[in-house]
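Beneath this line is the structure, given in structure tokens, with notes to follow.
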Amino acid sequence: MPDGTAAAPSITNTGDEDTGIFFNTANELSFSTGGTERAQIDTNGLHILSQKPVRYYDADNSHYVELKAASTVTSNVTLTLPTSDGDAEQYLKTDGSGNMSWASVSTPAGVPTASVFAMATSTVPSGYLECNGAAVSRTTYADLFAAIGTTYGAGNGSSTFNVPDMRGEFLRGWDNGRGVDDSRTLGSSQGHQLQEHSHTVAYNSRNVGDPPNPITIGDVGGSGSSKQKSTSGTTGTFGSETRPRNIAMMYVIKT
């Protein structure tokens, strides 16, 4: 059998003499279509040439998934697949030498487990739980349990633990030795408090009965017809708590 070429392969179909199989060099089997070499098989494996793709079709051959090389590659790249199919929500990563492995999105390359975010929606995204103080499974959410343990509650003490309850709460940075908000442990809560302070109150004193409006409230001292008087009132708008202006959003935690 002659070696043949891409334009005139050794093995062809009658009437299509520029498409077939030929022997380009020793230990190499080559394939051509339309007179152009498209692929090779040699001792190193299968080679797809000229950035041609490998296509994987669906069940009825109506659509496909295509893999192909980049248009320009400056050096050879070898990617070695992992030995298992990984777990749900994992992705493939490389060690920099082409060795692929499965990694979870909760690793530093993604969003770390136990990260807390404010959501401008009432829908909890996949991979998160609402920070509502609920007791959840230590097994189902093993990564989160490993990260926060029972800091926010021990659940039933054996199979569950609690996520933080951030409903209606403000966040405050953990002091962690700074001394601004000392004696706090991570995850601890604080109640309402108004810092001790003072106000200056100004008032006028005059003789009782002086026009236009005699002072008749709260005699606090004085003698004769000239006495110091005081009065009291309220300032501001009061309610059931001390708070700044705010907007309500939902806190979620990465599992």
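The values are calculated or read from the model by the stated rules, or taken from the named source; none is laboratory data. For clarity, every value in this text was computed on a predicted model and none was experimentally measured. Cβ: placed from backbone, ideal geometry, glycine included. Neighbour counts: every protein chain shown.
Observations on the structure shown:
- Residue check for PHE161: closer than 17 Å to THR255 by Cβ, over 21 Å from the mean Cα position of the chain (by Cα), at pLDDT 95 or above and not in a loop (DSSP other than H, G, I, E, B): yes
- Residue check: SER62 meets all listed conditions (1) part of a loop (DSSP other than H, G, I, E, B); (2) closer than 30 Å to MET100 by Cα; (3) not aromatic (Phe, Trp, Tyr) but one, namely (2).
- Selection status of GLN51, touching a His at 6+ places or on another chain (Cβ under 6 Å), more than 19 Å from GLY98 (Cβ to Cβ) and not assigned by TED's automatic domain parsing to the domain that holds SER104: no
- The conditions of being of a type in the set (Ser, Thr, Tyr) and in contact (Cβ under 8 Å) with a residue 24 or more places away in the chain are not met by SER50.
- Filtering the stretch 34-55 to residues that are assigned to a loop (DSSP other than H, G, I, E, B) and of a type in the set (A, V, I, L, M) leaves only LEU49.
- On inspection, LEU129 does not qualify as out of contact with any His (no Cβ under 8 Å at 6 or more places or on another chain), modelled with pLDDT under 95 and on the phi < 0 side of the Ramachandran plot.
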